[in-house]
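Note sheet for the following structure.
Here, each number is a calculation from the coordinates, and none is a lab measurement. Computed from a predicted model, the values in this text were never measured in an experiment. Glycine also receives a Cβ, built like all others from the backbone with ideal geometry; neighbour counts cover every protein chain displayed.
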Amino acid sequence: MCGIAGYVGKRNAVLVVTEALKKLSYRGYDSAGIATASGVIRTVKCAGKIECLEERLKENPLPAVNMGIGHTRWATHGAVTDENSHPHGTADVTIVHNGIIENYLLLKQKLISFGYTFKSETDSEVGALLIDYFYKKTHDPLTALREATSKFHGSYAIAAIFKDCPDTIFTVRRESPILIGVGTDEIFIASDIPAFLSYTKRYFRLGEGEIAKITPDGFKVYDRRGDEVKKNLQHAPFDAESAEKGGFAHFMRKEISEESGIVSRLISMYSDGHGLPFFDLSADIIKNTSHITVIGCGTAYHAGLYLKYLLEKLAKIRTECHVASEFRYTEPLFDKNELVIVISQSGETADTLSCLREVKALGVKTLGIVNVVGSAIATEADEVIYTHAGVEIAVASTKAYTAQCTVAALLATYFAASRSVMERQQVREIALELKKLPDAIMHATRAEDAIAEVAEEIKDAENLFFIGRRADYIAAIEGSLKLKEISYIHSECYPAGELKHGTISLITEKTPVVALFGDREMLPKMLSNLKEAASRGAKSIAISAPDKDIAEVADIMVDMPRCGELFFPIAMASMLQLLAYHTALKRGCDVDQPRNLAKSVTVE
Ligand code: AGP
């Protein structure tokens, strides 16, 4: 899940590609590199973030030419070294690659037997040298790419330049995304839209197995057989500013600040003329579905747990929720009227996409809840609901999660209403509760100082526990992931009643325990669970409405947002995101680009 970029036009390609890599660095920031071709192919690359590459380019400047390709890496094969950085290739052909060539060791052996030697440990260099092998045989870049990629197992998005083809970039993909930005007398290649948004909003997605030839005169796209394919240009639904920090210190903080507005827009977008939840979905999905399976990864999986909770509670539909990387290797038992709902911010996550393809192959109806318009999951699912959260740059997903949970609440209510499981009056009451959410979310921002104080209290912890019951537990699971992801504190989340069945042995003096008290009916149970932890010396932090019984037990109390208990995970999300944000800041962590992570996971 790297970021690749390319440019052909009248501007200085080195500057354009470097800027594009900065905009794509949320896809991986282990190393970076650029290559240009003007008579000879020149490459500058190094381990480290884009800034290291800029330093390297000052020491070893590339000529100001009009064509270049670049890469920002999330290491999969081979350590984070200069040698393993992209671009990879020979004096005749050089490539940047996003994806995994699973059979690279086999291909490597073949190439070694043909006399090739390798400088890196990467699968990508094997791909480059195989392209070089076929290019030496055919002297035709398109044929060389087609021949070589037909031997690859796995996923790839490749941009390639050939010494003999100045001002031309060739690009090909399978599974990993490639977008082509079309400007005036210039063309951009990128893994995602932010890379070229400040130059053009017109773009198209390269299809599965398609190859494109990009020159200053324009582009030509060919399918697997080599037949030319006509492409319709799409228009990016957001501005370059959306890919900027907009005055905030971090993308994560900016994206949290957008949540209230996004939720308000989603509620009006997915409501009918009476203000009741409505989705333009097929009657078959709404009326006939007897069982639902929800699938996702990471934060999207957590939104799936919330959707499961609400579909069972409100619409009385038996629902399962699975982690995609596990689900794809099980033999699921599906009902005749099964519906599989896949949730994804990027719409490119490999495990979720594979699950979608596998269940579709079994003839099961599929619905995607996706943020990125036109992404693979959005286009391949039978029906799609967009979460309209806009571009999410920070690796830790925040606004997309809150948007996914809001769609979950609206969708479960719509199912319940459409299947007459709920009286119209009840639906109206829920719709009224939902309308309180934008303000409840703003509560978190108003409580930011109190949250920052809690961060001060927990910043030196090595281990920490979140506890909750029912919807609170679901809210806490995501809060725990956020804290882990960006502050590197080993945080675990437990159903509050489960602690005493073993894990409580891990609680020692000052182990912080964060308890969520959104569910008032479960308050007495939660209180005794917090007492159990406090009596072992835990530093107990309660997020709750003012309550004297809780105040007697908790070392710290933070006032929670006011909203219906069912929607607590939505209102609570930004509060726990801010807790993670401030804790990470106090620990001096890289909030937007946490170590070892990348935004969209396009490899298994
Ligand atoms: C969340 O902060 C992480 N970035 C990660 O868990 C993410 O949610 C997961 O990789 C799924 O991504 P998706 O929603 O783009 O499919």
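For this structure, a couple of remarks:
- Excluding same-chain neighbours fewer than eight residues apart, the lysines reachable from residue 58 by a Cα-Cα span under 30 Å are 10, 22, 23, 45, 49, 119, 163, 245, 599.
- Positive dipole terminus of the chain, leading residue within 275, 430, 518 (C-beta point charges): 275
- Alpha-carbon spread of the stretch 449-604, three principal axes, descending order, Å: 44, 35, 34
- C-alpha center-to-center spacing [the stretch 501-545, the stretch 246-318] in angstrom: 29 Å
- As computed over the stretch 1-158, the Cα convex hull volume per residue (Å³): 102 Å³
- Inverting the pair-averaged 1/r between distinct Cα atoms of the stretch 237-338 gives 16.7 Å as its Kirkwood hydrodynamic radius.
- Kirkwood estimate for the stretch 418-538, i.e. one over the average of 1/r between Cα atoms, Å: 16.1 Å
- Label-point separation, residue 357 to residue 118 (7 Å along Cα→Cβ), nm: 2.4 nm
- Taking amide H as placed 1.01 Å from N in the peptide plane, residue 337 has its amide H under 5 Å from the amide H of 290, each at least 5 places away in sequence or on another chain.
- Unit charges at the beta carbon, dipole of the chain: most positive-side option, 317, 71, 298: 71
- Per residue, the convex hull volume that the Cα atoms of the stretch 51-96 enclose (Å³): 107 Å³
- For the stretch 535-584, a simple Cβ point-charge model (Lys and Arg +1, Asp and Glu -1, everything else neutral) yields a dipole of about 160 debye relative to the Cα centre.
- Anisotropy class of the stretch 343-447 from Cα gyration tensor, a/c 1.5 cut: oblate
- In order along the stretch 328-338, phi translates into HN-Hα couplings of 5, 10, 10, 9, x, 9, 9, 5, 4, 9, 7 Hz, rounded to whole numbers, per the Karplus curve 6.51 cos²θ - 1.76 cosθ + 1.60 with θ = phi - 60° and x for Gly and Pro.
- Rounded FRET efficiency, nearest 0.05, which uses the C-beta distance separating residue 549 from residue 280 and R0 of 30 Å: 0.05
- Length released on extending from residue 103 to residue 457, taking residue separation times 0.36 nm less the Cα-Cα span: 122.5 nm
- Gained length - residue 143 relative to residue 249, 0.36 nm times residue gap less alpha-carbon distance: 33.4 nm
- Estimated from helical segments only, the mean residue ellipticity of the chain at 222 nm is -11500 deg cm²/dmol, where each DSSP H run of four or more residues counts as -39500 (n - 2.57).
- Sorting 462, 380 from the fewest to the most surrounding beta carbons within 10 angstrom yields 462, 380.
- Selection from 537, 578, 568 lying farthest towards where the dipole of the stretch 532-578 points positive, charges on Cβ: 578
- Karplus-derived HN-Hα couplings along the stretch 225-230 (A = 6.51, B = -1.76, C = 1.60, θ = phi - 60°), whole Hz, x at Gly and Pro: 7, x, 7, 6, 10, 7
- Student exercise, the chain dipole from Lys, Arg, Asp, Glu Cβ charges, in Debye to nearest 20: 720 debye
- Under the span-like rule (Cα at least 18 Å along the axis, Kyte-Doolittle mean at least 0.0), DSSP H helices of the chain: 399-418, 471-487, 568-586
- Rounded, prolate or oblate (a/c below 1.5 giving rounded, otherwise prolate when a/b exceeds b/c) for the stretch 253-396 by Cα gyration tensor: oblate
- The gain in end-to-end length when the residue 291 to residue 151 segment is fully stretched comes to 46.4 nm, 0.36 nm per residue minus the alpha carbon separation.
- Virtual spin-label span in nm between residue 81 and residue 217, 7 Å along Cα→Cβ: 4.4 nm
- Residue exposure sequence - 336, 163, 482 - by fewest surrounding Cβ within 10 Å: 336, 163, 482
- Stokes-Einstein D for the stretch 71-167, Kirkwood Rh over Cα pairs, 20 °C, 1.002 mPa s (µm²/s): 162 µm²/s
- Estimated translational diffusion coefficient (Stokes-Einstein, Kirkwood radius over Cα pairs, 4 °C, 1.567 mPa s) of the chain: 51 µm² per second.
- Sites listed here are trypsin sites (Lys or Arg not before Pro) in the stretch 355-412 whose DSSP assignment is loop and whose Cβ has at most 13 other Cβ atoms within 10 Å, and the list is empty.
- Note on residue 184 and residue 559: with the Förster distance fixed at 56 Å, the Cβ-Cβ geometry gives a FRET efficiency of about 0.55.
- Of the residues 253, 265, 73, the one with the fewest other Cβ atoms within 10 Å heads the list, and the complete ranking is 265, 253, 73.
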